[in-house]
Amino acid sequence: MGRMRPFRAHRCTRRSFGTVRDVAAHLVGVNAFWRGSICAGLAGAPTRVLMAFDPAATPPSMVQGMGPLTTQQVFDEFVSTTVALLDVVAGLTDEQWSAVAESPAGHVPILATAFDSV
């Protein structure tokens, strides 16, 4: 993403977010959710964030919240949150992969949560 020309960041996508920048802005929050969900599951206290999730309102608000950032800052945050998520799962043991974390399907093993995150 760092090599993407600025004009391409504002191209429309097939998703309802509109632009590549909007998708990246949304994924910053999504990555943070997955990381938080997995960390809470590892601590034995799975989150219940999705109980209040509104698929019509929440994604646009996530994108709007990143409005003040430049396109490069949004892409940098996307990379940073992706690396942070990968760092959490990189060293998990077999037992930890079996711990329960929140996903759209409910509380499931972290392995299933990780599959949802990609």
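The values are calculated or read from the model by the stated rules, or taken from the named source; none is laboratory data. What you see is a predicted model; the values in this text were computed from it and never measured. All Cβ positions, even for glycine, are placed from backbone atoms using ideal geometry, and neighbour counts span all protein chains on display. Surface areas here come from the heavy atoms of the whole protein model, side chains and all, with no ligands, DNA or RNA. Shrake-Rupley method; radii C 1.70, N 1.55, O 1.52, S 1.80 Å.
A few notes on this one:
- Solvent exposure of the chain amounts to 61 Å² per residue of accessible area, where only protein heavy atoms count and the probe is 1.4 Å.
- With every protein chain in place, the range 12-118: carbon and sulfur % of accessible area (1.4 Å): 61
- log₁₀ of I(q)/I(0) at q = 0.15 Å⁻¹ - the chain, Debye sum with one point per alpha carbon: -0.70
- Estimated vicinal HN-Hα couplings, Hz - the range 24-38 in sequence order (Karplus 6.51, -1.76, 1.60; Gly, Pro = x): 4, 4, 4, 5, 4, x, 5, 4, 5, 4, 4, 4, x, 4, 5
- Neighbour count of at most 13 Cβ within 10 Å plus DSSP loop: longest trypsin sites (Lys or Arg not before Pro)-free window in the chain: 49-118
- The sum of -39500 (n - 2.57) across all DSSP H runs of n ≥ 4, divided by the residue count of the chain, sets its helix-only mean residue ellipticity at 222 nm to -17500 deg cm²/dmol.
- Value of relative contact order over the chain, rounded to a whole percent, pairs C-alpha under 8 Å and six or more apart: 32
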